[in-house]
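A short write-up of the structure that comes next.
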Amino acid sequence: MRRVTISLVGQKRRDITLWLLCLLIFTIPVLTQGAGPYQITWYTIDGGGGTSAGGPYVLTGTIGQPDADWCEGGKYELLGGFWPGGPVECFSSSYSTYNDWLILGKPDCWCAPYHCDGDADGATQGFQKYRVMSNDLGIVAANWKKLIDDATLDPCADIDHKPQGFQKYRVMSNDLGIVIANWKKTDSDLPGDCPRPE
């Protein structure tokens with residue numbers, strides 16, 4: 001009877017070489033992700049569309065861009081497509097305090113219809129449904145002389161949206177003055193058109 005011996009030494013060497021090669025192939029992209037500038041490796045080509053007009057109306061559009069969308073993550077925001085979609089900002093980038101609005105996390109209260117009139121809590125109070133009352137005063141008082149980088153600052157207390165004083169306090173006498181001027185006013189007493197153009 002003849003005996004056949006199979007040597008696995010060559011097979012093991014090939015297996016180890018294959019594993020090392022796979023390891024190298026999969027770790028190089030991971031190691032290079034943190035280096036260098038950002039790169040977009042995916043794209044689409046879309047086209048078509050045009051402009052239609054009738055009377056005082058003009059409509060401009062593009063055909064074939066199912067990828068047009070808005071997304072954000074961390075400090076990055078992406079508006080994709082020829083006509084990028086996304087949320088419409090209620091606080092105009094033309095305002096001198098637009099960057100402050102961004103730093104504070106785009107607080108919705110800055111866009112509320114009665115905020116610039118002293119409505120810090122976004123609600124009415126009492127049987128008479130006063131728009132500016134003690135709850136609003138309490139929010140302003142609790143945030144008195146806080147700075148924009150103070151993590152405890154409630155941006156809704158910053159009624160005028162502007163820093164004040166040498167120290168650039170976000171909540172100070174201007175904000176209190178607005179609350180006092182509109183104290184115990186109802187919706188019908190106030191314009192309800194905040195934020196107002198500067």
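All of the numbers you see were taken from the coordinates with simple rules; none came from a lab. Values in this document were obtained by computation on a predicted structure and should not be read as measured data. Note that each Cβ is placed from the backbone with ideal geometry, even for glycine, and that neighbours are counted across all protein chains shown.
Below are the figures for this structure:
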read-out: Förster radius 35 Å - calculated FRET efficiency between residue 137 and residue 92 (Cβ-Cβ, nearest 0.05); value: 0.80
read-out: Translational diffusion coefficient (Stokes-Einstein; Kirkwood radius from C-alpha pairs) of segment 98-189 at 4 °C, 1.567 mPa s, in µm²/s; value: 100 µm²/s
read-out: Neighbour cut-off at most 15 other Cβ (10 Å), DSSP loop, chymotrypsin sites (Phe, Trp or Tyr not before Pro), segment 114-198; value: 127, 144, 166, 183
read-out: Links that overshoot a 20 Å alpha carbon limit, given the list 106/129; 106/162; 146/185; 106/185; 145/184; value: 106/129; 146/185; 106/185; 145/184
read-out: Potential extension, residue 180-residue 198 segment - 0.36 nm per residue separation minus Cα distance; value: 4.3 nm
read-out: Distance-filtered residues of segment 171-198 - backbone nitrogen under 20 Å, label point 7 angstrom along residue 106 Cα→Cβ; value: 194-197
read-out: Label-point separation in nm, residue 148 to residue 187, each point 7 Å along Cα→Cβ; value: 3.3 nm
